[in-house]
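Undergrad: Just passing along the structure, written as structure tokens.
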Amino acid sequence: MTEIDLDDSGGRVTPPPDFVAAQNSPEFQELRNRLRRFIFPMAALFLLWYLGYVLLGAYAHDFMATRVFGEVNIGLLLGLGQFVSTFVITGLYVRFANRELDPRAAALRAELEGNRS
């Protein structure tokens with residue numbers, strides 16, 4: 001039987017969470033897998049998009065200098081597209097986290113904190 005220590009004020013000390021058991025739990029593994037299934041493909045897509053932009057800028061000068069309207073060329077539009085894609089990916093991640101990750105993380109946290117008392 002484990003003893004519950006008292007702190008200096010005579011109150012109960014809550015035992016620390018069992019992080020190893022939490023990390024090995026099926027719920028945590030599923031949470032981590034869901035995160036990875038979103039992050040890795042999204043990061044790969046963005047890096048390919050960015051690499052394409054850089055390579056076009058380095059080797060396709062004439063294409064990138066093609067004017068679309070006025071002084072605006074394809075290179076400028078693709079450069080602005082980098083910013084737009086960053087915001088889109090951020091929005092997709094926030095939506096994904098709010099729908100998929102946060103509820104599972106909250107349930108896991110409640111379970112772990114419930115086991116500590």
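Undergrad: Relative contact order, percent, of region 38-116 when contacts are C-alpha pairs under 8 Å separated by at least 6 residues?
TA: Rounded, it is 20 percent for region 38-116.
Undergrad: Report, in debye and to the nearest 20, how large the dipole of region 38-116 comes out about its Cα centre when Lys and Arg carry +1 and Asp and Glu carry -1 on their Cβ.
TA: So the magnitude is around 180 debye.
Undergrad: Then there is this: Relative to the compact globular guide of 2.2 N^0.38 Å, what is the alpha carbon radius of gyration of region 38-116, as a ratio?
TA: 1.72
Undergrad: Which residues' amide hydrogens lie under 5 Å from the amide hydrogen of N73, considering only partners 5 or more residues apart or on another chain, with H built in the peptide plane?
TA: V68
Undergrad: Would you please name the GluC sites (Glu not before Pro) within region 42-117 that are DSSP coil residues with at most 11 other C-beta atoms within 10 Å of their C-beta?
TA: Answer by residue number: E71.
Bear in mind these aren't lab numbers, they're just calculated from the coordinates by the rules spelled out. Everything quoted here is computed from the prediction, not taken from an experiment. Methodologically, a virtual Cβ is constructed for each residue, glycine included, from the backbone with ideal geometry; neighbour enumeration extends over all protein chains shown.
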